[in-house]
Amino acid sequence: MNALQKISDFFMTPAMKIVLIVAAVLFPFVAGNEYQIYVMALAFVWAIAVYGMNIITGLCGQLNLAHGGFFAIGAYVLAILTVDHGWGFWWAFVAAGVAGAGFGFLAGIVSLRLKEHYFAIFTLCVGFIIYLLIDKWEELTHGALGIINIPAPNGFGLVDFTETTPFYYLALTFMVLSVWLAARITNSLLGRSFRAIRISDDLAASLGINLMRNKVLAFVLSTTYASVAGALYAGLVRFIGPAEADVVHTFDMITYLLVGGIGTLMGPLVGTMVITWLTQSLQFLEEYRMIVFGPLLVVLVIFFPRGVVGSFLGWRARRMAAAQDAGKSQENAKKKSPTSPVATNREAGNHA
Amino acid sequence: MQDHANSVAASQYRGGIALDLFLQQVLNGLTLGSIYGLVALGLTLVYGILHVPNFAHGALYMVGAYVSYITMVDFGANYWIAMIASAISVAVLAVLCERLVFNPLREAPPIHDKIAAIGIMLFLEAMVQMKFGAEFRRMPTPYTDILDVAGMTIPAQRVLIIIGAFALMAVLHLFLKKTMTGSTIVAMAQNREGAFLVGIDANRVAMMTFAISGVLAAVGATLFAPINLVYPAMGHLLIMKAFVIIILGGMGSIPGAIVGGLIIGFAEAFGGFYISTDYKDIIAFALLVLILSVKPTGLFTKGVR
Amino acid sequence: MLKINNLTKRFGGLAAVNNVSIEFEANKINAIIGPNGAGKSTFFNLVAGAMPPTEGTIEYQGMNITGMACDRIARLGIARTFQTTMLFEESTVLDNLIVGHRLRTQSRLWDVIINSRRLRDEEAKCRARAQEVLDFVGLSHIGHRITADISQEEKKRVAFALALATDPELVLLDEPAGGINPEETENLAGLIRKMVDHGVTVCLIEHKMDMIMSLADKIMVLDHGEKIAEGTPEEVRNNPVVIEAYLGSDEDAAA
């Protein structure tokens with residue numbers, strides 16, 4: 001076994017998870033300045049939303065272009081309830097999640113009756129309607145002025161989340177929870193149902209999978225993720241405006257997802273981290289990042305549609321299959337019964 | 001007595017104003033509708049033949065406006081020369097997109113060509129913004145007269161838009177019906193496999209279709225921009241409305257795009273005037289949501305999709 | 001097993017399937033043949049519930065399933081394969097099959113969140129079933145391969161296995177031998193016989209006449225959406241109407 005293989009094997013072990021979490025916990029201590037911690041916290045928040053997008057778009061195969069809109073709904077519900085109605089942060093936070101699920105359900109039962117292109121176009125329009133309502137409905141949303149003085153999450157006197165580092169750990173906690181839930185879904189029979197729909201509606205239906213119920217469930221999960229991320233975002237940035245609902249955020253998230261690996265478990269995190277830090281290190285990119293992102297999207301879908309994580313998993317799965325073939329022929333030579341492929345396939349399935 | 005006469009005159013006057021305003025909205029609706037129709041036509045042709053929902057079409061429209069603007073302002077060219085220059089450049093750009101991006105993705109899963117189209121759109125917008133900035137520009141036009149028709153004031157550019165758009169549609173119609181290439185495009189839109197069987201060169205048709213959609217976008221932009229503004233995000237709303245239009249009119253349907261364009265144009269003109277200017281841009285999308293909630297296959301689609 | 005009465009499907013004014021009545025018996029191989037565009041695939045789609053018929057009824061094991069949704073029909077025990085094999089190319093072969101048994105499980109989102117006992121049991125059950133059907137179609141040696149890397153014939157077998165994983169009593173096979181060579185076709189025919197031996201009823205659409213004639217117990221011939229003949233291979237082969245239909249349309253005549 002060469003070093004590359006050993007490293008790739010290590011990536012798939014539980015120890016890797018611990019290494020990642022420890023690294024994230026230690027990050028504020030090694031970060032050069034507070035700004036870096038802030039950027040990382042923000043990246044975690046976006047990653048949560050990207051995990052949501054991955055459920056409907058990556059697992060279920062439905063390109064949802066309203067995702068940024070649901071992120072904005074979460075941010076605005078939190079901001080309006082705390083600033084205009086004096087709710088406590090955490091109550092408003094729960095309300096934001098519920099609102100994301102509720103609006104997601106409504107949008108889902110209408111839009112998911114449409115297939116492929118129709119669904120993408122319809123959700124693009126839904127996203128734009130959300131943007132227009134936020135921009136124009138001044139009595140509710142303060143219009144173009146936006147909402148300022150949004151409170152930070154309530155630390156109940158124990159922690160002060162107006163400080164960057166405590167918020168970083170809060171965002172990390174939510175991010176880990178999000179990945180954990182995404183992992184549960186991806187690896188379960190539910191995730192398999194979603195993936196069957198991604199292959200083809202007809203195939204999934206012929207396997208007895210209720211298309212509408214599963215698609216709506218995936219959609220509601222994704223909008224809930226988005227609105228929870230939006231609410232956290234509002235608590236971190238503490239000022240929001242209609243730009244939060246701009247479709248460009250949806251396109252950003254698509255880029256993160258595609259770079260990391262659409263439909264994979266770690267893809268959303270990897271993509272968000274890579275692009276966030278790439279943009280940070282190339283400051284001039286901030287405004288014109290789309291000059292790079294645009295062609296990047298095109299190149300990715302043509303040449304590397306599986307992204308970083310997907311390509312890695314594909315390479316690894318193929319290598320393991322080859323290894324098993326080799327192993328089998330040896331065993332056959334020794335006249336032993338072939339090993340069950342179940343254990344190794346479980347591994348591959350778990351991370352696919 | 002005097003009071004009475006006055007009030008009658010006033011109400012007649014008000015009636016006249018109301019009618020005048022009404023006709024004014026008809027004119028607005030026709031202007032908007034013909035531009036929407038042009039843009040939707042390009043979109044629907046590309047969709048009908050390649051089944052690509054080209055999200056970059058709005059960006060092509062925007063590039064068309066900038067090319068015309070530069071040709072006129074920086075090179076001092078005539079309006080019509082600018083329009084031709086713009087049509088050619090955008091057609092070439094559209095063909096490039098087809099060759100470099102959509103053609104390699106022909107066999108890819110349906111999500112990929114949409115993402116690639118979004119990528120092209122983002123790139124074009126960012127390029128234009130970097131080069132020319134995000135500010136709004138006003139495109140000059142030689143047709144600044146205000147015509148006075150039966151007591152109505154009509155800006156000449158609006159007349160030009162309506163006549164120009166419908167003339168182009170007529171030319172396109174003749175092209176599709178009377179020429180060999182045109183009928184090939186129609187044949188392929190109606191039956192892709194059948195077209196392949198009778199030996200149609202799919203590549204040539206695809207390039208041709210993209211070129212036409214580029215010309216339609218560029219001409220639409222050059223016609224419309226003088227009464228509107230030129231800025232990098234100018235294609236955003238338009239492309240979304242064009243999508244609404246081709247869903248309403250049936251994706252791939254040419255008459256559907258024109259009729260759908262007029263429906264949305266009139267709905268916006270009247271909705272914006274009689275209901276609310278703030279929300280006039282939402283009308284198209286509200287219509288879409290409403291219609292698709294009732295009839296998920298669109299208004300004018302027949303049989304199965 | 002399956003009783004079809006006056007089944008009609010019209011698209012616009014055109015009848016793709018027109019007033020077809022037929023009965024398929026359990027534990028038999030039933031074939032549907034006919035020239036291109038005869039309405040064979042539409043007929044399958046109607047039986048599988050992919051689209052509702054315009055007129056007529058479909059009875060399955062004495063139950064009226066006309067207009068029932070696809071997924072419910074699947075749960076009642078009708079499985080199908082498609083002309084083009086649709087599989088998750090990036091996953092392993094075995095991984096593709098696990099979802100096949102999903103319709104016999106109950107776990108919901110909540111089970112997933114708490115990773116309930118029920119979910120774990122059901123996942124084990126689905127995995128066991130996947131392994132079983134993989135063995136059944138004779139592919140257990142390639143269960144670990146990436147689906148994109150296996151041959152066309154193997155993909156066809158995987159598609160069969162996926163359909164079998166739903167525990168069907170009736171399997172609809174849409175051109176199972178399309179795009180594979182004669183030797184592989186013979187092997188696939190063997191597999192179809194094996195399925196029937198194990199108590200599954202088969203109904204297939206096929207263009208390869210040799211295969212149909214040696215395999216089918218009963219054949220229905222469709223032309224322009226109408227049933228023009230039914231019977232044993234022998235009866236159909238000698239039916240003048242059928243010969244006329246096949247000679248009349250130049251396609252498929254040689255097949």
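The values are calculated or read from the model by the stated rules, or taken from the named source; none is laboratory data. Keep in mind the model is a prediction, meaning the values are calculated, not measured. Methodologically, a virtual Cβ is constructed for each residue, glycine included, from the backbone with ideal geometry; neighbour enumeration extends over all protein chains shown. With ligands, DNA and RNA removed, areas are computed over all heavy atoms of the protein, side chains included. Shrake-Rupley method; radii C 1.70, N 1.55, O 1.52, S 1.80 Å.
Taking only region C:123-137 into account, find how many residues are open to solvent by 20 Å² or more (accessible area, probe 1.4 Å) and either of a type outside the set (A, V, I, L, M, F, W, C) or within 11 Å of chain A (Cβ to nearest Cβ) (or both).
Of the residues in region C:123-137, 9 are open to solvent by 20 Å² or more (accessible area, probe 1.4 Å) and either of a type outside the set (A, V, I, L, M, F, W, C) or within 11 Å of chain A (Cβ to nearest Cβ) (or both).
Return yes or no: is B:Ala116 part of a helix (DSSP H, G or I) and within 14 Å of another protein chain (Cβ to nearest Cβ)?
Judged against the criteria, B:Ala116 is a match.
Kindly list the number of the only condition in (1) in contact with a Gly (Cβ under 9 Å, 6 or more places away or on another chain); (2) more than 14 Å from C:Thr85 (Cβ to Cβ); (3) part of a helix (DSSP H, G or I) that fails for C:Asp167.
So the condition that C:Asp167 fails would be (3).
Output the helices (runs of 4 or more DSSP H) that fall wholly within region B:206-305 and possess 3 or more residues being within 14 Å of chain A (Cβ to nearest Cβ) and hydrophobic (A, V, I, L, M, F, W, C), or say none.
Of the helices (runs of 4 or more DSSP H) lying wholly inside region B:206-305, those with at least 3 residues that are within 14 Å of chain A (Cβ to nearest Cβ) and hydrophobic (A, V, I, L, M, F, W, C) span B:235-249, B:282-294.
Would you mind stating whether B:Leu168 is surrounded by 14 or more Cβ atoms within 10 Å (Cβ to Cβ), closer than 20 Å to B:Ala82 by Cβ, of a type in the set (A, V, I, L, M) and touching a residue at least 40 places away in the same chain (Cβ under 8 Å)?
yes
Can you say whether C:Val112 is over 30 Å from C:His224 (Cα atoms) and either open to solvent by 40 Å² or more (accessible area, probe 1.4 Å) or of a type in the set (Val, Ile, Thr) (or both), as far as the supplied structure shows?
In short, yes.
Identify, from the list B:Ser89, B:Ser68, the residue that is modelled with pLDDT of 95 or more and of a type outside the set (A, V, I, L, M, F, W, C). First the steps, then the outcome.
Values: B:Ser68 fails: modelled with pLDDT of 95 or more.
On inspection, the qualifying residue turns out to be B:Ser89.
I'd like to verify a number: residues in region B:132-156 that are in contact (Cβ under 8 Å) with a residue 60 or more places away in the chain, open to solvent by 70 Å² or more (accessible area, probe 1.4 Å) and of a type in the set (D, E, K, R), how many?
Number satisfying all stated conditions: 2.
Could you tell me which of the residues A:Thr276, A:Thr264 is in a loop (DSSP other than H, G, I, E, B) and in contact (Cβ under 8 Å) with a residue 40 or more places away in the chain? Full working, then the answer.
On the way: A:Thr276 fails: in a loop (DSSP other than H, G, I, E, B).
Result: A:Thr264 is the single residue among A:Thr276, A:Thr264 that is in a loop (DSSP other than H, G, I, E, B) and in contact (Cβ under 8 Å) with a residue 40 or more places away in the chain.
Somewhere in region B:102-113, is a residue among the polar types (S, T, N, Q), in contact (Cβ under 8 Å) with a residue 40 or more places away in the chain and at the interface with another protein chain (Cβ under 8 Å from one of its Cβ atoms)?
no
Do we find a residue being among the aromatic types (Phe, Trp, Tyr) and within 14 Å of chain B (Cβ to nearest Cβ) anywhere in region A:239-255?
Yes, there is a match, as at least one residue in region A:239-255 is among the aromatic types (Phe, Trp, Tyr) and within 14 Å of chain B (Cβ to nearest Cβ).
If A:Leu190 meets every condition in (1) part of a helix (DSSP H, G or I); (2) open to solvent by less than 20 Å² (accessible area, probe 1.4 Å); (3) farther than 30 Å from C:Leu94 by Cα apart from one, which number is that one?
Unmet for A:Leu190, out of (1) part of a helix (DSSP H, G or I); (2) open to solvent by less than 20 Å² (accessible area, probe 1.4 Å); (3) farther than 30 Å from C:Leu94 by Cα: (3).
Taking region C:67-103 as the region of interest, how many residues are at the interface with another protein chain (Cβ under 8 Å from one of its Cβ atoms), open to solvent by 40 Å² or more (accessible area, probe 1.4 Å) and under 21 Å from C:Gln131 (Cβ atoms)?
Residues flagged as at the interface with another protein chain (Cβ under 8 Å from one of its Cβ atoms), open to solvent by 40 Å² or more (accessible area, probe 1.4 Å) and under 21 Å from C:Gln131 (Cβ atoms) within region C:67-103 amount to 1.
Given the conditions (1) in contact with a Leu (Cβ under 7 Å, 6 or more places away or on another chain); (2) more than 12 Å from every other protein chain (Cβ to nearest Cβ); (3) open to solvent by less than 10 Å² (accessible area, probe 1.4 Å), which single one is not true for C:Ile33?
Only one criterion in (1) in contact with a Leu (Cβ under 7 Å, 6 or more places away or on another chain); (2) more than 12 Å from every other protein chain (Cβ to nearest Cβ); (3) open to solvent by less than 10 Å² (accessible area, probe 1.4 Å) is unmet by C:Ile33, namely (1).
Applying the selection to region C:161-206, what residues are of a type in the set (S, T, N, Q) and within 14 Å of chain A (Cβ to nearest Cβ)?
Residues of region C:161-206 that are of a type in the set (S, T, N, Q), as a first pass: C:166, C:181, C:185, C:187, C:201.
Listed by number, the list holds a single entry, C:Thr166.
Conditions first: (1) under 28 Å from B:Phe175 (Cβ atoms); (2) open to solvent by 50 Å² or more (accessible area, probe 1.4 Å); (3) of a type outside the set (Phe, Trp, Tyr). B:Lys295 passes all but one, so which condition is the exception?
(1)
Being open to solvent by less than 10 Å² (accessible area, probe 1.4 Å) and assigned to a helix (DSSP H, G or I) is the filter here; which residues of region A:207-226 pass it?
Hits for region A:207-226 are A:Lys215, A:Ala218, A:Phe219, A:Ser222, A:Thr223, A:Ala226.
How about region C:53-85: which of its residues are at negative phi and without any contact (Cβ under 8 Å) to a residue 24 or more places away in the chain? Spell out the reasoning first.
Looking only at region C:53-85, we keep the residues that are at negative phi, and these are C:53-55, C:57-60, C:63-66, C:68-76, C:78-85.
Once the filter is applied, which keeps residues that are at negative phi and without any contact (Cβ under 8 Å) to a residue 24 or more places away in the chain, region C:53-85 yields C:Met63, C:Asn64, C:Ile65, C:Thr66, C:Met68, C:Ala69, C:Cys70, C:Arg72, C:Leu76, C:Thr84.
Residues are listed down the side, and each one gets a yes or a no for (1) open to solvent by 10 Å² or more (accessible area, probe 1.4 Å); (2) farther than 30 Å from A:Gly327 by Cβ; (3) not in a strand (DSSP E or B):
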| site | (1), (2), (3) |
| --- | --- |
| C:Glu154 | yes, no, yes |
| C:Leu172 | no, yes, no |
| C:Ala177 | no, yes, yes |
| C:Glu183 | yes, no, yes |
| C:Met195 | no, yes, yes |
| C:Gly199 | yes, yes, yes |
| C:Cys203 | no, yes, no |
| C:Met220 | no, yes, no |
| C:Ile228 | yes, yes, no |
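Kindly indicate whether A:Ile129 is within 13 Å of chain B (Cβ to nearest Cβ), assigned to a helix (DSSP H, G or I) and under 21 Å from A:Ala231 (Cα atoms).
Values: within 13 Å of chain B (Cβ to nearest Cβ): yes; assigned to a helix (DSSP H, G or I): yes; under 21 Å from A:Ala231 (Cα atoms): yes.
Criteria met by A:Ile129.
Condition test on B:Val26, is it open to solvent by 30 Å² or more (accessible area, probe 1.4 Å) and under 17 Å from B:Gly261 (Cβ atoms)?
Working: open to solvent by 30 Å² or more (accessible area, probe 1.4 Å): yes; under 17 Å from B:Gly261 (Cβ atoms): yes.
Against the criterion (open to solvent by 30 Å² or more (accessible area, probe 1.4 Å) and under 17 Å from B:Gly261 (Cβ atoms)), B:Val26 qualifies.
May I ask you to verify whether C:Ser140 is open to solvent by 10 Å² or more (accessible area, probe 1.4 Å), more than 20 Å from the chain's Cα centre (by Cα) and more than 9 Å from every other protein chain (Cβ to nearest Cβ)?
Here the answer is no, as C:Ser140 does not meet what is asked.
Hydrophobic (A, V, I, L, M, F, W, C), open to solvent by 20 Å² or more (accessible area, probe 1.4 Å) and closer than 20 Å to C:Lys194 by Cβ, is that true of C:Phe160?
Answer is no for this residue.
Out of the residues in region A:138-187 meeting the condition of being of a type in the set (A, V, I, L, M) and assigned to a loop (DSSP other than H, G, I, E, B), tell me which one is least open to solvent (accessible area, probe 1.4 Å).
My answer is A:Ile150.
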